[in-house]
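Here the structure is laid out as structure tokens; the discussion comes afterwards.
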Amino acid sequence: MLVTYLNDKYFLEQCKVEPEIIDLVQFPVALTGLFAGISKDVPSFSDHILRHQVQSLRKNPRFTVVMYIYMLNHCKHSLCSIMHRKTRYTNAYVTPLIFVNSEGQVHVQGVMENGQAHSMLTIAKIPVGEWVRIVYVQDKRKWSLTFNHGQNFENVSKSSASFPRRLLYDDQDAFIHIGGSKPVVSFEGYAAHVKLWRLRALEAEKIKFVEEDELMNGIQVQVEKCQRFKKKMNSLVSNYQHMMQYYIKQKSSHRYEYSLSIKEPVKPYCKVWAYKPSPKYKIVSGILRRFVLDKPCDQIDQRTCDYDLLYDRTEIGRKLFEQATEVLTVHLRDISVMVHPLEQASCYGYHRATHMVAIMYSEGLGARVDVTKSLILELTGAQGKGRLSAMALGSQHSLGQHGLPLDYDYAFYYYKLVAKETSADREKHDSGSIYTEHIRLTDTAALKTQSGEKGDYFLWLKYQAKHGMADAQSNVARMLFWGSQGVPRNMEAAVHYYEMGALEHPDNPIALYDYGIVLMRGQGVKKDRKKGVEQLKKAADLGHSPAMTALGWYYLNIERKIDIAIPYFEMADAMNDKDAAHNLGFLYQHGMYPDHPVDRAKGFEYHLKAAAAGHIESSITVATTFNEGHESMQRNSYHAMLWARYIAFLNPELGIVLRKGLDGYFDGDWSAAFVYYIMAAETGLEVAQYNMAYLCEENFDGLASSFITNECTWKYYNLSSIGENPYPESQIKMGDYHYYGCLGQQDIPAAVEMYSRAAAANEPQALFNLAYLVEEGVNINQSTLTKLKINIPSGNKTGILVKMYQRCRDSGRDESYLPCGLALLRIQFLDTYNRFKTIMKLSSALGITAVFMVTLLSIGHHLKNREQIVETV
């Protein structure tokens with residue numbers, strides 16, 4: 001407390017209140033068992049007394065951590081992280097570490113004052129399948145761990161012990177990780193309501209429990225619901241298997257097949273086949289029955305005739321999803337019948353279905369609006385490594401939507417889950433995986449190139465390729481290799497065109513490089529590194545920088561000759577090759593560059609250069625570095641989120657959904673286009689949001705007005721207009737909404753703001769609209785004019801209009817030249833007319849002729865403006 005004297009009077013100054021309790025996790029987070037978790041840093045106290053207190057407790061720490069966790073199973077590895085602290089940049093563990101082992105026991109570890117780590121193991125085990133409150137208390141050398149679980153957390157288990165020496169602890173020297181991080185995996189399940197008391201060792205019994213939490217309860221209900229469903233289906237499969245064994249033993253295959261065809265039992269045992277499930281289970285029971293028929297138990301050892309071993313659950317989920325979505329080809333009026341099979345597919349771990357049914361609940365699409373249920377489903381999908389659900393949660397946390405806290409650490413975590421898998425997902429090269437393309441439904445030029453293998457564009461390219469056109473051969477090969485532009489992936493066909501290009505055009509470095517790479521990797525052709533290196537050397541000799549980088553990679557990773565590899569990387573980097581920059585960044589970051597120690601700052605510069613050119617792994621490294629910071633750069637979770645999101649949006653899972661939406665649009669299947677684009681839009685992808693807004697605005701077959709509870713045109717144009725890279729046309733649409741007063745009262749300032757943002761991108765329509773508002777008497781403030789680089793006083797209406805219409809006319813858009821040019825002529829004519837009227841009035845008042853007046857004005861041309869001329873006259 002401070003006392004301040006003022007004029008013989010005094011008053012008390014109170015120190016600024018600083019939070020001693022930190023909310024590390026305020027909203028449930030899905031943990032996947034991967035090397036990832038929520039990372040949080042603890043802010044430094046600004047008050048020097050509190051900072052001194054922190055320092056005084058450095059070797060006698062006193063703090064308390066409370067967390068609620070839900071484990072789906074115990075650790076599948078030796079240890080999984082519940083919570084731990086890790087030093088910035090160096091990944092060294094510091095006090096405390098709270099891990100769980102494969103038996104459910106908790107591993108507690110701290111770093112003592114001598115720098116050595118010491119760990120202990122609790123006797124008590126964390127139960128699975130229910131929420132558990134964990135209270136960890138550190139009171140100098142002594143620690144205690146209390147578990148509360150059960151329906152009302154009435155069951156209590158407690159463990160405690162003391163470290164043999166004093167501990168080292170400084171809450172400023174490390175990040176707190178809930179779940180996993182770079183060196184350790186998380187447990188599988190959920191965490192919620194994690195709090196840290198920074199300076200106090202509390203008694204667990206005196207800490208209040210959280211009040212009834214709808215999401216926590218909902219997660220448990222969802223898990224138990226899926227368990228009951230799968231148990232029921234297991235029983236059904238077991239019955240089907242027994243019937244198959246009966247028929248096999250009786251050698252009644254003819255009568256068995258006959259009984260299936262007429263769907264009537266011929267013996268009492270046939271009642272299983274005659275079982276007619278409720279509509280809720282009709283699709284799944286049919287799929288399971290077919291699985292049993294295709295793979296009966298007699299084909300394998302009877303002892304291993306196990307449902308979990310025989311059948312891929314995700315495959316069952318995929319078939320459920322495919323049959324459920326057949327409804328989309330009919331009409332959205334039948335979409336409600338999709339809900340049950342989609343939820344069942346989700347229980348089987350097929351999380352494209354999870355995301356779809358979550359969207360149905362959040363948007364009221366064939367289901368009653370239930371945002372809480374939608375969130376629970378998305379958390380379920382993200383926990384099961386569902387790419388779309390993880391991106392949806394990342395988007396909602398980045399914007400603070402649907403009651404989720406605006407938290408970039410959460411958003412980064414979810415987007416990075418997807419980003420980390422993107423490179424591997426793209427390299428799977430299965431028939432269902434495609435290249436992710438962001439196409440706008442209003443981009444007619446791009447749409448013409450997306451018509452697939454039977455479209456005119458691809459057929460024309462094939463024709464050119466067969467007639468020796470090198471560019472066409474390369475384009476066809478890449479379309480087939482990646483599955484882009486609606487062409488299914490076909491590795492063998494792609495290699496045929498790669499080889500054709502290399503053989504027919506030995507002076508074409510791109511063709512040589514492409515063929516060399518597939519030979520090196522053995523993709524679609526037998527691996528032949530020797531021949532691949534020959535092709536790459538030919539391309540490198542022709543000055544092809546990617547080939548130089550590929551040779552550098554070969555000598556670094558295969559030949560282990562770093563002295564040969566680095567010159568290749570340096571030459572390619574000088575030519576701005578992104579792969580070369582990535583490799584150099586990796587070498588510097590890990591201290592592998594000859595005669596250079598670890599240099600994270602220099603490594604980051606190279607990775608940032610590569611990331612800016614679109615390199616996936618470098619972008620992930622940049623995202624991670626922004627999340628952690630390094631010696632010369634502070635942590636920035638917002639930028640970390642942006643980079644992770646950028647890569648997540650290239651994931652093939654999102655590409656598949658976008659393609660399904662585009663195919664629906666091409667085929668006039670508006671229901672499919674509608675549903676798949678809304679799935680993509682909810683991941684935060686701006687292009688999908690714009691396309692969804694366009695579909696809602698066009699309202700094909702009345703779908704938007706009939707089946708969406710919320711006003712979707714406004715929603716998705718708004719989302720498309722507010723991101724880091726907003727689409728100008730969406731900003732213009734939102735300007736129109738505000739000007740005309742849609743969804744409420746007219747908001748002219750908001751309209752001006754939206755038009756101005758689009759006009760700053762030199763969008764002619766926005767410039768025209770702004771000029772129109774100026775003509776209507778709307779005042780554009782000086783700061784807005786400055787942003788638009790219009791250096792004219794805000795009171796000079798004519799000058800502003802001339803400048804805006806000139807920019808609109810000269811924007812380079814053919815469609816804007818005529819209307820903007822005519823508007824400019826009109827303003828200039830009115831200006832000339834008004835000046836003539838002024839001259840006539842002045843000449844009449846002064847009693848002189850108009851010709852003499854014009855002569856006087858022409859003499860005064862050297863004066864600064866017309867107002868001075870008039871004054872002079």
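Computed values, structure above
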| quantity | calculated |
| --- | --- |
| Calculated from backbone phi, Karplus (6.51, -1.76, 1.60) coupling profile of the stretch 452-469 in Hz, x at Gly/Pro | x, 5, 9, x, 4, 5, 5, 4, 5, 4, 4, 4, 5, 4, 5, 9, x, 6 |
| Mean separation of Cα contacts under 8 Å, 6 or more apart, over the residue count of the stretch 78-142: relative contact order % | 21 |
| Estimated vicinal HN-Hα couplings, Hz - the stretch 671-686 in sequence order (Karplus 6.51, -1.76, 1.60; Gly, Pro = x) | 4, 5, 4, 4, 5, 6, 6, 5, 4, 5, 4, 6, 7, x, 6, 5 |
| Separation of alpha-carbon centers, the stretch 509-564 and the stretch 662-695, rounded to whole Å | 40 |
| Helix-only [θ]222 nm of the chain, DSSP H runs n ≥ 4, -39500 (n - 2.57) each, per residue, nearest 500 | -16500 deg cm²/dmol |
| Candidate lysines - alpha carbon under 22 Å from K733, same-chain residues fewer than 8 apart omitted | K715, K787 |
| Solvent-accessible area per residue, Å², over the chain with all protein chains present [probe radius 1.4 Å] | 47 |
| Carbon + sulfur, % of accessible area of the stretch 95-241 - ligands and nucleic acids excluded, 1.4 Å | 46 |
| Whether the stretch 458-561 is rounded, prolate or oblate, judged on the alpha carbon gyration tensor where a/c under 1.5 counts as rounded | prolate |
| Kirkwood hydrodynamic radius (C-alpha pairs) into Stokes-Einstein, the chain, 20 °C and 1.002 mPa s, D in µm²/s | 66 |
| Using alpha-carbon coordinates, inclination of helix 371-383 to the longest axis of the chain, degrees | 70 |
| A446-E753 FRET efficiency (beta carbon distance; Förster radius 35 Å; 0.05 resolution) | 0.75 |
| Accessible carbon and sulfur surface of the stretch 677-778 relative to its total accessible area, %, 1.4 Å | 46 |
| In degrees, nearest ten, helix 616-628 long axis to first principal axis of the chain (Cα) | 90 |
| Label-zone membership for the stretch 96-135, site I21, 7 angstrom Cα→C-beta point, backbone N under 20 Å | 132-135 |
| Apportionment of accessible area to carbon and sulfur, the stretch 410-492, percent (1.4 Å) | 50 |
| Cβ-defined net charge surrounding D579, 10 Å radius [Lys, Arg +1; Asp, Glu -1] | -2 |
| Separation in nanometres of the label points that stand 7 Å from Cα toward Cβ, at D814 and S336 | 5.0 |
| In Hz, Karplus ³J(HN,Hα) per residue of the stretch 174-184 (6.51, -1.76, 1.60; θ = phi - 60°; x = Gly, Pro) | 7, 8, 9, 10, 8, x, x, 7, 3, x, 8 |
| Residues whose placed amide H lies under 5 Å from that of G386, excluding near-sequence neighbours | none |
| Partner lysines for K561 [C-alpha distance under 29 Å; skip if fewer than 8 residues away on the same chain] | K182, K420, K526, K527, K530, K531, K537, K538, K578, K602, K609 |
| Cβ-based charge dipole, the chain, positive-most Cα from G455, G179, P405 | G179 |
| Those lysines that a straight Cα-Cα span of less than 30 Å connects to K276, excepting residues fewer than 8 apart in one chain | K225, K230, K231, K232, K249, K251, K263, K267, K295, K319, K373 |
| Only Lys, Arg (+1) and Asp, Glu (-1) charged, at Cβ; the chain dipole about Cα centre in debye | 1780 |
| Convex hull volume per residue for the stretch 82-191, taking Cα atoms only, in Å³ | 106 |
| Anisotropy class of the stretch 437-484 from Cα gyration tensor, a/c 1.5 cut | prolate |
| Full-extension gain in nm, Q828 to K231, via 0.36 nm per residue minus C-alpha separation | 207.0 nm |
| Under-5 Å amide H pairs with M83, H placed in peptide plane, nonlocal only | I98, G179 |
| With Cα atoms, 0 to 90° folded angle of helix 797-809 axis to the chain main axis | 60 |
| Percent RCO, i.e. relative contact order, over the chain, from Cα pairs under 8 Å lying at least 6 residues apart | 8 |
| Student exercise, the stretch 740-836 dipole from Lys, Arg, Asp, Glu Cβ charges, in Debye to nearest 20 | 320 |
| FRET efficiency estimate (nearest 0.05) - Cβ-Cβ, L459 to K526, R0 30 angstrom | 0.50 |
| Separation of alpha-carbon centers, the stretch 599-648 and the stretch 169-232, rounded to whole Å | 29 |
| With eigenvalues of the C-alpha gyration tensor scaled by 5 and rooted, the stretch 337-459, Å | 28, 19, 17 |
| Amide H within-cut-off set for T95, under 5 Å, with H built and near neighbours excluded | V111 |
| Potential lengthening between A424 and K125 on full extension [0.36 nm per residue; Cα-Cα distance subtracted] | 104.0 nm |
| 15 Å cut-off, amide nitrogen to a point 7 angstrom out along H118 Cα→Cβ, residues in the stretch 127-156 | 138-144 |
| Peptide ranges 637-645, 437-445 listed from the most packed, as the mean C-beta count within 10 angstrom indicates | 637-645, 437-445 |
| Virtual spin-label span in nm between E570 and E492, 7 Å along Cα→Cβ | 4.6 |
| Cα gyration tensor shape of the stretch 60-106, rounded if a/c is under 1.5, else prolate or oblate by comparing a/b with b/c | oblate |
| Efficiency of FRET from Cβ geometry, R200 and E224, R₀ 60 Å, rounded to 0.05 | 0.95 |
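The values are calculated or read from the model by the stated rules, or taken from the named source; none is laboratory data. This structure is a prediction, so every number in the text was calculated from the model and none was measured. Here Cβ is always computed from backbone atoms with ideal geometry, including for glycine, and neighbour counts include all displayed protein chains. Side chains are part of the model used for accessible areas, which takes the heavy atoms of the whole protein and leaves out ligands, DNA and RNA. Shrake-Rupley method; radii C 1.70, N 1.55, O 1.52, S 1.80 Å.
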